[in-house]
Amino acid sequence: MNSFDYILKRSGRKSLSISVGRDANVIVRAPAGMPDKEIQAFIRQKNEWVKTKRDIQIQKQAKPLSFVDGEQFEILGFAHKIKIYPQPSAKIAEGCLYLPDLHNKKELAAVCLKDLAAKTFSSRITAFEDALGKQKNNLKLSNARRRWGSCSSAGDINISWRLVLCPLQQVDYVLAHEASHLAHPNHSKAFWKTLSEICPTYIDDKAELANHEFVMDLI
Ligand SMILES: [Zn+2]
């Protein structure tokens, strides 16, 4: 049994193909005369691949938060719920982002998340600096939506505060990546070697980070 619906398109083509569109719809293309049984077997074989692809596409479509009570999203990989409460400032506690019932919920949420981002990034980057024997100059938060981080020649590291909406593993990857630029300003072989030493899981972490680009537009 397949856990997804699909659209079957028969044509003069010679082989079978399966694809997942940006809208997460599954399209199977098959030769005009191919028996259904053969098509079914092919789809069964691709079941896991389709499920993974669909999950990614659905995540990528994640819409910006509306800041209503009960809305869910992740902070550092942990599920959090938005709770509206009768206090003047926002706070994160016990799996909730508490927000005052004011018109500027989005700004208040951002202030709260930036605070968490600053604390998390500065405490986590020191382990990588120690491992490298290098020290950054300043660590600054950026507001970037298309770039997770950067490192200047002066050793200033900028990280988008929105990274706090990714799992900790991906946060560590970005921090280790930018810290490695303290040793190598480019993406040379030596850079990747250094990165692999302080962050051995970097290849998987980098791939998983690409699945989290949607969080940049969440707030
Ligand atoms: Zn880089």
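Where a number appears in this text, it was derived from the coordinates with a stated rule and is not lab data. Keep in mind the model is a prediction, meaning the values are calculated, not measured. Quick reminder, even Gly has a Cβ in these numbers, built from the backbone with ideal geometry, and neighbours come from all protein chains shown.
For each of Ile203, Ile7, Ile219, count neighbouring Cβ atoms within 10 Å of the residue's Cβ, then give the residues from fewest to most.
Lowest to highest Cβ neighbour count: Ile7, Ile203, Ile219.
Among the listed pairs Lys81/Lys105; Lys105/Lys140; Lys83/Lys105; Lys83/Lys106; Lys106/Lys140; Lys63/Lys105, give every one whose C-alpha distance is greater than 18 Å.
In this structure, Lys105/Lys140; Lys106/Lys140 exceed 18 Å between Cα atoms.
Non-local amide H neighbours of Ala144 (under 5 Å, H modeled in plane, Pro and chain starts lacking H): which ones?
Result for Ala144 returns Trp161.
What nm value, rounded to one decimal, do you get for the distance between Lys14 and Ser152 when each label is placed 7 Å out toward the C-beta?
Label-label distance for Lys14 and Ser152, simple model: 5.8 nm.
Taking every pair of Cα atoms in the chain, average 1/r, invert it to obtain the Kirkwood radius, and report Rg/Rh to two decimals.
For the chain, the value is 1.10.
Which far-off residues, 5 or more places away or on another chain, put their amide H under 5 Å from the one on Glu74, with H placed in the peptide plane?
His80
Would you mind ranking Glu71, Glu107 by Cβ crowding within 10 Å, fewest neighbours first?
Starting with the residue having the fewest Cβ neighbours, the order is Glu107, Glu71.
Near the amide H of Gly149, under 5 Å away, which other amide H atoms are found, from residues 5 or more places off or on another chain, if H is placed in the peptide plane?
Excluding prolines and chain starts, which carry no amide H, the hits are Ser160.
Arranged by the count of other C-beta atoms within 10 angstrom, fewest first, what order do Val50, Val171 take?
Val50, Val171
Kyte-Doolittle mean at least -1.0 and Cα extent at least 24 Å along the axis: which DSSP H helices of the chain qualify?
105-132
Among the lysines, select those whose C-alpha is under 18 Å from the C-alpha of Lys136, and discard any that sit fewer than 8 residues away in the same chain.
Cα-Cα hits under 18 Å: Lys119.
Going Cα to Cα from Lys51, which lysines come in below 18 Å? Please leave out same-chain ones fewer than 8 positions away.
Result set, ordered by chain and number: Lys60.
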